[in-house]
Amino acid sequence: MLKVGITGGIGSGKSTVCRVFSVLGIPVFHADLQAGRLQNEDPGIVKELKGLFGLEIYSAEGLLNRRMLASIVFNNRALLGKLNGIIHPAVHREFEIWSAGFSDFPYIIYEAAILFETGNFRNFDYTILVIADEQERIQRVSKRDNSRAEEVIQRMSNQMTDKEKIKMADFIIENNDNQLIISQVLKLDQLLRSKSHVWKMDR
């Protein structure tokens, strides 16, 4: 079984691509959803976040105030790094436990908003980067989040650029409106299945 990481900048449509892989029968681990769960349910993580950001970062009901957290780390790379250092190792441990249940599959997918930024991409056999034209990404996010274009651009400026990530990715999927992603995913699915066969033979 191969472990494949997939990522893409805000508005790239990586979740849409992952849904196509799911339809093909490939298990997908959604790292960002798991991170949200752990931030509310893991006692150790809750304790660390309270110690780092203050008790008020959680509501009286014990739920993380994500908007407050985002506002704190948005322009503070040092705190963002500390936050990632707490969350991402825990999420990856969850992934390793989860992945053990799919050993008979040719490959599985780990979907995450950031993969290259944390160095986590090194934990995977292959990585997929979903890209889209900047203007299309802005329009998608503006429509999805009801945000102003200026706000989306500011969020994008805090992410690693596609140009930087392309150099590190093994495979690229273009998700522009004039590109058919299904055919790209089908082609990549066949390639990964074939590589999985070779991987098993080499083992």
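Overview of results
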{"read-out": "The stretch 70-84 residues that are outside any helix (DSSP H, G or I), paired with ones that are modelled with pLDDT under 85 and of a type outside the set (Asp, Glu) (beta carbon under 9 Å, 6 or more apart)", "value": "Phe74/Gln154; Phe74/Arg155; Phe74/Asn158; Asn75/Asn158"}
{"read-out": "Test set (1) in a helix (DSSP H, G or I); (2) in contact (Cβ under 8 Å) with a residue 60 or more places away in the chain - Glu96 fails condition number", "value": "(2)"}
{"read-out": "Conditions (1) without any contact (Cβ under 8 Å) to a residue 24 or more places away in the chain; (2) under 22 Å from Leu192 (Cβ atoms): number failed by Ile173", "value": "(1)"}
{"read-out": "Members of the stretch 99-137 that are assigned to a helix (DSSP H, G or I) and within 16 Å of Met156 (Cα to Cα)", "value": "Glu134, Gln135, Glu136, Arg137"}
{"read-out": "Hits in the stretch 81-136 - residues which are closer than 16 Å to Gly9 by Cβ and of a type in the set (A, V, I, L, M, F, W, C)", "value": "Ala112, Ala113, Ile114, Leu115, Phe116, Phe121, Ile128, Leu129, Val130, Ile131, Ala132"}
{"read-out": "Every residue from the stretch 56-75 that is surrounded by 10 or more Cβ atoms within 10 Å (Cβ to Cβ) and either on the phi > 0 side of the Ramachandran plot or of a type in the set (D, E, K, R) (or both)", "value": "Arg66"}
{"read-out": "Scope the stretch 154-165; condition within 25 Å of Thr127 (Cα to Cα) and exposed (fewer than 15 other Cβ atoms within 10 Å of the Cβ); matching residues", "value": "Ser157, Asn158, Met160, Thr161, Lys163, Glu164"}
{"read-out": "Subset tally (residues that are touching an Asp or Glu at 6+ places or on another chain (Cβ under 7 Å) and of a type in the set (Val, Ile, Thr)) for the stretch 81-123", "value": "1"}
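The values are calculated or read from the model by the stated rules, or taken from the named source; none is laboratory data. Since this is a predicted model, take the numbers as computed values, not measurements. Glycine also receives a Cβ, built like all others from the backbone with ideal geometry; neighbour counts cover every protein chain displayed.
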